[in-house]
Amino acid sequence: MLYGIFEDKAFLKRMWSLTLPISLQSLLLALVAAADAIMLGRVDQDSMAAVSLATQIQFIQNMLVWAAVCVVSILGAQYWGKGDRETLEKILGISVRHTTFVCVLFFARRVCAPRPLMRLFASDPRLVDIGIVYLRWAGWSYLLTGLSQSILAMLKVSDHATRTAWISGSAVVINIILNAVLIFGLCGAPAMGVRGAALATVIARVFELAWCLACARKKGFIRFRISRIFCFDKLLNHDFRKNMLTILATSLLWGVGFASYTALMGHLGPDSAAANSVAAVVRDLLCCFCNGLCAAAGILVGNELGAGKLEKGKLYGNRLMVLSFIIGIMCTVLVLASIPLVLRFVKLTDQASGYLVGMFVILSVYMIGRTVNTITINGVFYAGGDTFFDTYSVIVAMWLIAVPCALLGTFFLHWHVLLVYGCTCLDEVGKIPWVLAHHYRYKWVKNLTR
């Protein structure tokens, strides 16, 4: 039943060589959010909660950027398996064209008119004012993410996953060090609070982009050429847009829905917003290995499908689906075990601490569904271009069930905070049987290369 997972040494070696550096990269990126939460939590609870709410706007932008970057992983993995480097350069150029447009649009909105954006996520005037300060400073970093994320995605699928971990890891170290210096005023620097957290992010993103561009010019790497941005290969653009639009629809549906969960917690008061921001950091940290295995799944399965080895791709997909359950159970145990440690390190009111414990118990169940769905849907299914399943599963599970329940509980039925939080976790858990049924139909087993 385990599909020979632990007997195939070549599979395990390849999987770990991809999963570990990508997981490390994901972990280090999540550590930035954790560092912001911990350091700003030491300043005051409102600063921590306001920045957590403000970053939800970046979260929505990232969903739009991810749509184009994800296509780099889908098509890139298959064309890398086929050995077509020229097409890979074209794919990178198309991705940069789309992500740059999104980043410029969001940058202008954040810097020029941040107040209406913050009012979507918080009703408390102090939280809104603090969030505006953060957005005006951090908005400059969001201008750079599209190009760097496209290059990093291409590095992953072209056997340079370790390099991406070095790039992101170095940027994270710089970000965390500068966070401490600029938030608290260490080493003679002025104590800037939330402005310091935002400025640290900008500097780290500049460093990350510079390293990405340096790699994209080296021999042996897929080159980034400005001329490729204006690539109008009819068939390739069609394949790119077809996958991107489906993923974009899903990203918007899921991203707006997920951001609405945070907004609902914000409308339930500062205590619920603070507890939710801490739970979100822990959730994201524990999802790092899941994200690494998801990316590895897409590359492993995509390489085999692109090379025309459909049966081997199917076998790898089955193995990775089983592994997703194992990782999910491990995450459940870790969530419950982390409760005392987290309560010791963050400064919350008694009410917020009580909410946090309850949220962690709910989160422990949620993690099984989140892990299985991420690895299977966004890894295995996406590797074969089966992106539409994700769209209608989000529509049904999130928008027809979880979001309406949470909205009703918050604004009309006035449910307890933990009951509303439980509603926001319904979608991932409820999708598991549906995902398993779709997996074994094998509609995702396709060669997308031309």
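The values are calculated or read from the model by the stated rules, or taken from the named source; none is laboratory data. Model, not experiment: these values are computed from the prediction. Every residue, glycine as well, gets a Cβ built from its backbone with ideal geometry; the counts of neighbours run over all protein chains shown. The accessibility values were calculated without ligands, DNA or RNA, using every heavy atom of the protein model including side chains. Shrake-Rupley method; radii C 1.70, N 1.55, O 1.52, S 1.80 Å.
Give me the percent of the accessible area of region 313-450 that comes from carbon and sulfur atoms, probe 1.4 Å, all protein chains in place.
C and S atoms contribute 73 percent here.
Applying the Karplus parametrisation 6.51 cos²θ - 1.76 cosθ + 1.60 with θ = phi - 60° to the phi angles of region 92-106, what ³J(HN,Hα) value in whole Hz is obtained for each residue in order, glycine and proline being reported as x?
With coefficients 6.51, -1.76 and 1.60, one gets 4, x, 5, 4, 4, 4, 6, 5, 5, 4, 5, 5, 5, 4, 6 Hz.
Mind giving me the nanometre distance, one decimal, between the label points for residue 111 and residue 450, set 7 Å out from Cα along Cα→Cβ?
The modelled label-to-label distance comes out at 3.7 nm.
Just the accessible area per residue of the chain, please: how many Å² with a 1.4 Å probe?
40
Starting from the 7 Å offset along Cα-to-Cβ, what nm value, one decimal, do you get for the label separation of residue 126 and residue 419?
Distance between the two pseudo-spin positions: 2.9 nm.
Within a Cβ distance under 15 Å of residue 227, other residues only, what is the Lys/Arg minus Asp/Glu net charge?
Value of the local net charge: +3.
Could you tell me how many degrees, from 0 to 90 and to the nearest 10, lie between the Cα long axis of helix 270-306 and the main elongation axis, the longest principal axis, of the Cα atoms of the chain?
0
Hey, can you grab everything whose amide H is under 5 Å from the amide H of residue 449? Only 5+ residues off in sequence or another chain; H modelled, so Pro and N-termini drop out.
none
Mind telling me which of 106, 289, 360 comes out most flexible in a GNM of the chain, alpha-carbon contacts under 10 Å?
Sorting by GNM fluctuation, first place goes to 106.
Tell me, how many Å apart are the Cα centres for region 155-214 and for region 239-262?
Using only Cα atoms to place each centre, the spacing works out to 27 Å.
Arranged from highest to lowest average of other beta-carbon atoms within 10 Å per residue, in what order do the peptides 334-341, 132-139 appear?
My ranking of the peptides, most packed first, is 132-139, 334-341.
Okay, helix-only estimate at 222 nm for the chain: each DSSP H run of n ≥ 4 adds -39500 (n - 2.57), divide by all residues, round to 500 deg cm²/dmol; what do you get?
-26500 deg cm²/dmol
Using alpha carbons only, how many angstrom separate the centre of region 53-84 from the centre of region 357-374?
Measuring centre to centre over Cα atoms gives 24 Å.
Relative to the longest principal Cα axis of the chain, at what angle does helix 9-43 sit, 0 to 90 degrees, rounded to 10?
Helix 9-43 and the main axis of the chain meet at about 20 degrees.
In whole Hz and in residue order, list the ³J(HN,Hα) couplings for region 172-185 that follow from phi through the Karplus curve 6.51 cos²θ - 1.76 cosθ + 1.60, θ = phi - 60°; x for Gly and Pro.
Those phi angles translate into 5, 4, 4, 4, 5, 4, 5, 3, 4, 5, 8, 6, 9, x Hz.
Measure off, as a whole percent, the carbon and sulfur share of the 1.4 Å-probe accessible area of region 198-246, all protein chains present.
66
Can you classify region 339-399 as rounded, prolate or oblate using the Cα gyration tensor, where a ≥ b ≥ c are the square roots of its eigenvalues, rounded means a/c under 1.5, and otherwise it's prolate if a/b beats b/c and oblate if not?
Because a/c hits 1.5 or more and a/b exceeds b/c, region 339-399 counts as prolate.
Go through 312/446; 156/312; 82/443; 90/314; 242/314; 9/312 and tell me which ones have a Cα-Cα distance over 18 Å in this structure.
156/312; 82/443; 90/314; 242/314
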